[in-house]
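*Asks:* Have a look at the structure that comes next, please.
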Amino acid sequence: MGFIEMFPESDKIDLAYDYLGKVFLTTKNYKQALGALEQIKIKNAGVYRAIQRVAYYHAIDLFTNLKFSEAIEVFDYSLQYEKYDNDLKVKAYYWRGEAKYRLNNFEAAVKDYNQFILMPGSYQTQYFDLAHYNIGYAEFKSKHYEKAKSWWRKYIKMEMDKDAPTVGDAYNRIGDCCFVQREFQQAINYYEQGEAYLEGAPDYSLYQKGISLGVLRKHDQKISELNELIQKYPNSNYVDDALYEMGKSYVALNDLDNAIKRYKTIKEKYPSSSYSKKAMLQLGLVYYNASDYDNSLAFYKRVVNEFPGTQEASESLLGIRNIYMDRNDLDGYVRYTKKLGSFAQVDEREQDSLSYVSAERYYLETKCDIAIKNFQQYLKKYPQGMFVLNANYYMADCLYKQGDKSDALKAYRNVTSSSKNIFTEEALIRSGEINYAMESYQEALNNFRELERVAENQTNQVEARIGLLRCYAKLQDADNIIEAAQIVLDDPKVAAEIVREARFIKAGAHMMKGDSEQGMAEYGLLAQNPQSAEGAESKYLIAQYYFDMGEYKKAEDEVFDFANKGTSHQYWLARSFIVLADIYEAGEEYFQAKQYLQSITENYKGKDDILGIVAKRLSNLEKKMAVSTAEESADSLNIQ
């Protein structure tokens, strides 16, 4: 760098940039390596090959750190020089497709995956089979069901590991495509094949197979399949769904006793399930059809009392009205509705509905300013209205998008404080997110705990567990951190970046408890890949730990190994070199220590605390060197 700055017009400048690019590449500082290579004015094939390679690895680094849009741009740049290295070219198309998929740009992702598959050399990569599987998902999410089926069938045929969970998942997804296309018998055949994969989602296979049989009016077989699901997988997320569907089939078979038994089981065992209010509504209907008006009325009224403002409450009111009419007690119905407030009175309900629909229209048109005002007016006028939950949730969503997190949180609380509803899970996620951002970690923890308790959506359950882990980390609750982290790590469907984060937090918790052996073991696993932020920091922490323990040789080895492996996270590499300077200082090798610190000062470009740390170290070191020199001079005089 010094030569380049001093002699920018030298005829050796291209050679200097070439050397500089190689240095940065060796340390895996791809961004700066790319910058150096681009400065070379007269580029030959070797330089272009290097640019392709460096750009590819820089894009991979960006992808690893979840910067998908930036990664796509750099993959594009690498592919400008695709003729120099076919292997990198092939892989770039695959990973660019992955980045586009992560951004939900499914059409563009499919194009890249397809180009990857058709390229010479793609078959030899580890991504060839997976590309077929991924195209299936991209087409499925684009609702191109025939195409999705075709790609998943190809994947199943070519996947060498026939026991892989992804094979089971592919069978289930083909079943889903058939189900959507109303090819129910074919769906059943594929779900049966998916069920055989115990590491996949066999409970889902059984549930969907049962639903398909129900659509075909094979209710006995449907009940048998759903009962098998409950027996084999009693902790499945689909148990309450299965009980509800069994109840519907028993009603279709006119077996009302068994229908009642299933609906009551839902209410008793899964009170927070979204099926709880549906089950009670069905109980009201079943008892009504059996002419048991007392029990019917009791369940209908429970729905109205426990779940006001819901669709089930509105349907229950109709059932209650029918019972009063059958008993020729219209006055009794009027007296009952007057006790309920505005949402149960016909005229008020009509006004309520019109007022809400007006506000909702602005929300759907993304006119949030007007929508918020209208929702506020609606809630003020109809505090017990039919659409209170909807109004609060949509208003919260608007406030959130406008950055008014505090008021959004209040509206979300109105949703989460009500009984379980269709908005509960999303409102809890947002509440946890807002509280976490506002550093109200205990409140966020409560949100994520509740979410984990009520979540029926598996993705939301995972979100809850990740949220719990992060909150425990902020609260420095080491025991709960370790437990929460292990739950996340044990989930095979958790994304790689979350696995890294969980392991890093867990390592810190072990260190917090004084269990350095476990902590260092976890850091060691992360440090194997210093290209990730967690891996780079772990590598530094290991070196710092050995230094603190007085094991200077081990600390030194870690720093040099870090430098050899390289990383794009230059901050942690610089911190490691500061540790190296500390090692030399501790060994009274002051000149060596000073050289490393000065090197950081001259070469580090980050805008953070590194240069400040180095300046302080240099100042202290200069004082020690001065004292050492004075002592040596005194000794020399004494000898004379």
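The values are calculated or read from the model by the stated rules, or taken from the named source; none is laboratory data. All figures in this text were calculated on a predicted structure; none of them were measured in a lab. Every residue, glycine as well, gets a Cβ built from its backbone with ideal geometry; the counts of neighbours run over all protein chains shown. Accessible surface is based on the protein model in full, side chains and every heavy atom, while ligands, DNA and RNA are left aside. Shrake-Rupley method; radii C 1.70, N 1.55, O 1.52, S 1.80 Å.
*Asks:* Please go through region 391-415 and pick out each residue that is closer than 30 Å to K339 by Cα and either more than 26 Å from the chain's Cα centre (by Cα) or hydrophobic (A, V, I, L, M, F, W, C) (or both). Steps first, answer last, please.
*Replies:* In the first step, residues of region 391-415 are kept if they are closer than 30 Å to K339 by Cα; the result is 391-396, 410-415.
Residues satisfying the conditions are A391, M395, A396, A411, V415.
*Asks:* Looking at this structure, is Y56 free of Cβ contacts under 8 Å to residues at least 60 places away in the same chain, hydroxyl-bearing (S, T, Y), crowded, with 21+ Cβ neighbours inside 10 Å and over 22 Å from S568 (Cα atoms)? Don't jump to the end; show me each part of the working.
*Replies:* On the way: free of Cβ contacts under 8 Å to residues at least 60 places away in the same chain: yes; hydroxyl-bearing (S, T, Y): yes; crowded, with 21+ Cβ neighbours inside 10 Å: yes; over 22 Å from S568 (Cα atoms): no.
So Y56 does not fit the description; no.
*Asks:* Would you say N172 is assigned to a helix (DSSP H, G or I) and under 30 Å from D85 (Cβ atoms)? Show your work before the answer.
*Replies:* Details: assigned to a helix (DSSP H, G or I): yes; under 30 Å from D85 (Cβ atoms): no.
Spelling it out, it is not the case that N172 is assigned to a helix (DSSP H, G or I) and under 30 Å from D85 (Cβ atoms).
*Asks:* Given the condition basic (K, R), open to solvent by 40 Å² or more (accessible area, probe 1.4 Å) and within 19 Å of Y30 (Cα to Cα), answer yes or no: does some residue in region 555-574 qualify?
*Replies:* Start the filter on region 555-574 by keeping residues that are basic (K, R), which leaves 565.
In the following step, the residues that additionally are open to solvent by 40 Å² or more (accessible area, probe 1.4 Å) were identified as 565.
Checking the rest, the ones that are also within 19 Å of Y30 (Cα to Cα) come to 565.
Taking every residue of region 555-574 in turn, at least one turns out to be basic (K, R), open to solvent by 40 Å² or more (accessible area, probe 1.4 Å) and within 19 Å of Y30 (Cα to Cα).
*Asks:* Could I ask something else about it? Within region 287-296, can one find any residue that is under 42 Å from the mean Cα position of the chain (by Cα) and either more than 24 Å from E450 (Cα to Cα) or not acidic (D, E) (or both)? Reasoning before the result, please.
*Replies:* In the first step, residues of region 287-296 are kept if they are under 42 Å from the mean Cα position of the chain (by Cα); the result is none.
Checked against the condition, which is being under 42 Å from the mean Cα position of the chain (by Cα) and either more than 24 Å from E450 (Cα to Cα) or not acidic (D, E) (or both), region 287-296 yields no hits at all.
*Asks:* Look at A502 and say whether it is surrounded by 18 or more Cβ atoms within 10 Å (Cβ to Cβ), hydrophobic (A, V, I, L, M, F, W, C) and within 25 Å of R102 (Cα to Cα).
*Replies:* Details: surrounded by 18 or more Cβ atoms within 10 Å (Cβ to Cβ): yes; hydrophobic (A, V, I, L, M, F, W, C): yes; within 25 Å of R102 (Cα to Cα): yes.
When the stated conditions are applied, A502 passes them.
*Asks:* Exactly one condition in (1) in contact (Cβ under 8 Å) with a residue 24 or more places away in the chain; (2) closer than 28 Å to S419 by Cβ is not met by R449; state its number.
*Replies:* The number of the failed condition is (1).
*Asks:* Please go through region 503-527 and pick out each residue that is closer than 16 Å to Q476 by Cβ and out of contact with any His (no Cβ under 7 Å at 6 or more places or on another chain). Let's see the steps before the verdict.
*Replies:* Let us first name the residues in region 503-527 that are closer than 16 Å to Q476 by Cβ, namely 504-515, 519.
Scanning region 503-527 gives F504, I505, K506, A507, G508, A509, H510, M511, M512, K513, G514, D515.
*Asks:* Which ones in region 116-158 are open to solvent by less than 50 Å² (accessible area, probe 1.4 Å) and not in a helix (DSSP H, G or I)?
*Replies:* If the condition is that a residue be open to solvent by less than 50 Å² (accessible area, probe 1.4 Å) and not in a helix (DSSP H, G or I), then M119, G121, T125, Y127, S142 are the ones that fit.
*Asks:* Moving on. Would you pick out the residues in region 226-243 that are open to solvent by 30 Å² or more (accessible area, probe 1.4 Å) and assigned to a helix (DSSP H, G or I)?
*Replies:* Answer for region 226-243, where residues must be open to solvent by 30 Å² or more (accessible area, probe 1.4 Å) and assigned to a helix (DSSP H, G or I): N227, E228, I230, Q231, K232.
*Asks:* Let me ask something else. Scan region 54-76 residue by residue and report those that are more than 15 Å from L34 (Cβ to Cβ) and assigned to a helix (DSSP H, G or I).
*Replies:* F63, T64, F68, S69, I72
*Asks:* Among what's in region 95-115 and is farther than 26 Å from Q181 by Cβ and of a type in the set (K, R), pick the residue that is surrounded by the fewest Cβ atoms within 10 Å (Cβ to Cβ).
*Replies:* Top of the filtered list is R102.
*Asks:* Now for a separate question. For region 63-94, how many residues are over 19 Å from R49 (Cα atoms) and open to solvent by 50 Å² or more (accessible area, probe 1.4 Å)?
*Replies:* Result for region 63-94: 4.
*Asks:* Out of (1) over 21 Å from K277 (Cα atoms); (2) buried (at least 23 other Cβ atoms within 10 Å of the Cβ), what's the single condition that is false for Q476?
*Replies:* For Q476, the failing item is (2).
*Asks:* Anything in region 259-283 that is crowded, with 23+ Cβ neighbours inside 10 Å and over 13 Å from G247 (Cα atoms)? List them, or say none.
*Replies:* The answer is K277, and nothing else.
*Asks:* Now for a different question. When you scan region 577-594, how many residues do you find that are in a helix (DSSP H, G or I) and exposed (fewer than 13 other Cβ atoms within 10 Å of the Cβ)?
*Replies:* So in region 577-594, the residues in a helix (DSSP H, G or I) come out as 577-586, 590-594.
From what is left, the residues that are exposed (fewer than 13 other Cβ atoms within 10 Å of the Cβ) are 591.
Number of matching residues: 1.
*Asks:* Any residue in region 186-215 that's touching a residue at least 12 places away in the same chain (Cβ under 8 Å): show its pairings with residues that are outside any helix (DSSP H, G or I) and open to solvent by 30 Å² or more (accessible area, probe 1.4 Å) at Cβ separation under 6 Å, as long as the two are six or more apart or on different chains.
*Replies:* D203/Y233; D203/Y238; Y207/Y238
*Asks:* Select from region 481-496 the residues that are touching a residue at least 12 places away in the same chain (Cβ under 8 Å), open to solvent by 40 Å² or more (accessible area, probe 1.4 Å) and either part of a helix (DSSP H, G or I) or over 29 Å from T166 (Cβ atoms) (or both) and list them in ascending order. If you could, list the steps in order and put the result at the bottom.
*Replies:* Keep residues of region 481-496 that are touching a residue at least 12 places away in the same chain (Cβ under 8 Å), which gives 481-482, 484-489, 491-494.
Filter once more, so that each one left must be open to solvent by 40 Å² or more (accessible area, probe 1.4 Å): 486-487, 492-493.
Q486, I487, listed by residue number.
*Asks:* Could you tell me whether any residue of region 547-556 is modelled with pLDDT of 95 or more, of a type in the set (F, W, Y) and closer than 30 Å to E463 by Cα?
*Replies:* Looking for residues that are modelled with pLDDT of 95 or more, of a type in the set (F, W, Y) and closer than 30 Å to E463 by Cα, one finds none in region 547-556, hence no.
*Asks:* Consider S212 against the criteria (1) surrounded by fewer than 22 Cβ atoms within 10 Å (Cβ to Cβ); (2) out of contact with any Ser or Thr (no Cβ under 7 Å at 6 or more places or on another chain): it satisfies all of them except one. Which criterion is unmet?
*Replies:* (1)
Each row is one residue, and each column tells you yes or no for (1) more than 11 Å from the chain's Cα centre (by Cα); (2) among the charged types (D, E, K, R).
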position	(1), (2)
Q458	yes, no
A464	no, no
L468	yes, no
A473	yes, no
E483	yes, yes
A496	no, no
E501	yes, yes
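*Asks:* What number goes with the only condition from (1) more than 20 Å from Y238 (Cβ to Cβ); (2) surrounded by fewer than 17 Cβ atoms within 10 Å (Cβ to Cβ); (3) of a type in the set (S, T, N, Q) that T166 does not pass?
*Replies:* If we test T166 against (1) more than 20 Å from Y238 (Cβ to Cβ); (2) surrounded by fewer than 17 Cβ atoms within 10 Å (Cβ to Cβ); (3) of a type in the set (S, T, N, Q), just (2) comes out false.
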